[in-house]
1. Which of the following residues is touching an Asp or Glu at 6+ places or on another chain (Cβ under 9 Å), surrounded by 20 or more Cβ atoms within 10 Å (Cβ to Cβ) and either on the phi < 0 side of the Ramachandran plot or small (Gly, Ala, Ser) (or both): Cys47, Cys70?
2. Please go through segment 179-195 and pick out each residue that is open to solvent by less than 70 Å² (accessible area, probe 1.4 Å) and either touching a Phe, Trp or Tyr at 6+ places or on another chain (Cβ under 9 Å) or in a helix (DSSP H, G or I) (or both).
3. Which of (1) crowded, with 17+ Cβ neighbours inside 10 Å; (2) under 28 Å from Val274 (Cα atoms); (3) of a type in the set (Val, Ile, Thr) does Val204 not meet, given it meets every other one?
4. Taking the residues in segment 207-228 that are within 20 Å of Trp262 (Cβ to Cβ) and among the hydrophobic types (A, V, I, L, M, F, W, C) as candidates, determine which candidate is surrounded by the fewest Cβ atoms within 10 Å (Cβ to Cβ).
5. Residues of segment 229-240 being closer than 21 Å to Leu264 by Cα and open to solvent by 10 Å² or more (accessible area, probe 1.4 Å), which ones?
6. Of the residues in segment 13-50, how many are of a type outside the set (Lys, Arg) and either within 14 Å of Arg257 (Cα to Cα) or free of Cβ contacts under 8 Å to residues at least 24 places away in the same chain (or both)?
7. Criterion first (surrounded by fewer than 15 Cβ atoms within 10 Å (Cβ to Cβ), modelled with pLDDT of 90 or more and either over 27 Å from Glu268 (Cβ atoms) or not hydroxyl-bearing (Ser, Thr, Tyr) (or both)) does Leu19 satisfy it?
8. Of the residues that sit in segment 180-189 and are within 16 Å of Glu143 (Cβ to Cβ) and among the hydrophobic types (A, V, I, L, M, F, W, C), which one is farthest from the chain's Cα centre (by Cα)?
Amino acid sequence: MAQAWRCSGLRWSASGPVLAWDGGRHSALTWGKRVAFAVAEGGVRTCVGARRHACPLGAVVPGRGTGARCEECARLDRAHSVAADTLADDPRPYRVYLAWFGPGMVKVGITGVARGPARLLEQGAVCFSWLGTGPLMAARRTEELLRAALRVPDRIPYADKRAVRAVLPDTEAERAAELAELHGRAVALAGWPESLDREVFRPVDHVEVFGLAGAPAPFGEVSELVPGGAVSGELVAAAGPDLHLATEGGVVVLDTRFLPGWGLVPAEGRRFDVPVKVLKALKRTGEGAGVQDGLF
């Protein structure tokens with residue numbers, strides 16, 4: 001019986017997406033590479049633990065979940081995190097950013113300066129620009145200011161991001177237009193913390209980095225992994241945690257957050273027999289915004 005490997009998630013490096021495995025092994029993912037694996041027969045998905053500690057219960061977690069943690073470990077993992085606002089005395093500098101995922105989809109967020117653009121790559125931001133740099137709480141107050149004054153969300157569902165990738169504008173200038181307008185409105189607001197240095201608008205585009213330029217539109221997405229199920233496809237694009245895989249039936253999106261917690265083994269041939277959900281189809285309007293048009 002083949003040795004089972006356990007994936008710890010997708011990472012973004014300077015050279016592109018990388019699958020990380022328990023034990024320190026990494027698999028670089030390049031366009032055209034075949035991604036193939038199977039879930040061990042009779043296996044179950046178990047909690048990955050929290051903060052580098054194994055789950056004390058060895059709890060079984062749902063196949064459809066993207067967190068791969070039981071409730072207790074999820075609570076422990078979130079504790080003492082920036083997202084939970086429990087690190088008010090963090091001395092490290094932070095940046096506020098505006099991220100664009102597609103027509104009408106802009107969010108505000110913060111990330112550590114030391115992380116560079118990694119957070120934006122992890123979220124699948126098609127285009128982004130920095131807004132300001134300063135202490136954590138100043139960055140957090142600025143984030144709240146934009147949410148309240150400009151009604152900019154701090155979260156966008158991954159399902160919405162996936163649906164709009166097929167109808168992105170063709171040029172970098174078009175993709176940056178919404179960000180430019182919102183950036184101008186944001187820096188003109190009164191009430192910015194004095195300790196936060198505002199930054200000029202410099203859009204960064206990830207379409208080429210993600211391999212989305214000219215990539216075929218996906219028709220579906222993997223809804224979960226199942227014992228004995230296999231995935232096999234050629235990598236044509238990747239954005240955030242998503243791999244776009246060309247299969248015999250068309251391009252399917254695999255959210256790599258489904259992988260942790262499973263024992264994975266090599267797959268033979270081009271078998272693809274895990275549940276797939278059909279993606280909503282979008283079409284472009286004359287103004288370039290995505291409009292829902294039923295199902296493929």
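The values are calculated or read from the model by the stated rules, or taken from the named source; none is laboratory data. Quick caveat: nothing in here was measured; it's all calculated off a predicted structure. Neighbour counts run over all protein chains shown; Cβ positions are idealised from the backbone, glycine included. Please note that ligands, DNA and RNA were not included when accessible areas were found on the heavy atoms of the full protein model with its side chains. Shrake-Rupley method; radii C 1.70, N 1.55, O 1.52, S 1.80 Å.
1. Details: Cys70 fails: touching an Asp or Glu at 6+ places or on another chain (Cβ under 9 Å).
Only one candidate qualifies: Cys47.
2. Let us first name the residues in segment 179-195 that are open to solvent by less than 70 Å² (accessible area, probe 1.4 Å), namely 179-180, 182-184, 186-187, 189, 191-193, 195.
Within segment 179-195, Leu179, Ala180, Leu182, His183, Gly184, Ala186, Val187 qualify.
3. For Val204, the failing item is (2).
4. Val226
5. We begin by selecting, within segment 229-240, every residue closer than 21 Å to Leu264 by Cα; these are 229-235, 238.
Glu234, the sole residue that qualifies.
6. In the first step, residues of segment 13-50 are kept if they are of a type outside the set (Lys, Arg); the result is 13-24, 26-32, 35-44, 46-50.
Pick out the ones that are also either within 14 Å of Arg257 (Cα to Cα) or free of Cβ contacts under 8 Å to residues at least 24 places away in the same chain (or both) and you get 13-15, 17-24, 26-28, 46-48.
The number of residues fulfilling the criteria is 17.
7. On the way: surrounded by fewer than 15 Cβ atoms within 10 Å (Cβ to Cβ): no; modelled with pLDDT of 90 or more: yes; either over 27 Å from Glu268 (Cβ atoms) or not hydroxyl-bearing (Ser, Thr, Tyr) (or both): yes.
For Leu19, the condition - surrounded by fewer than 15 Cβ atoms within 10 Å (Cβ to Cβ), modelled with pLDDT of 90 or more and either over 27 Å from Glu268 (Cβ atoms) or not hydroxyl-bearing (Ser, Thr, Tyr) (or both) - is not met.
8. If we filter segment 180-189 for residues that are within 16 Å of Glu143 (Cβ to Cβ), which is where we start, we get 182-183, 185-187, 189.
If we keep only those that are among the hydrophobic types (A, V, I, L, M, F, W, C) as well, we get 182, 186-187, 189.
Numbers: Leu182: 22, Ala186: 25, Val187: 27, Leu189: 29 Å.
Across segment 180-189, the extreme among qualifying residues is Leu189.
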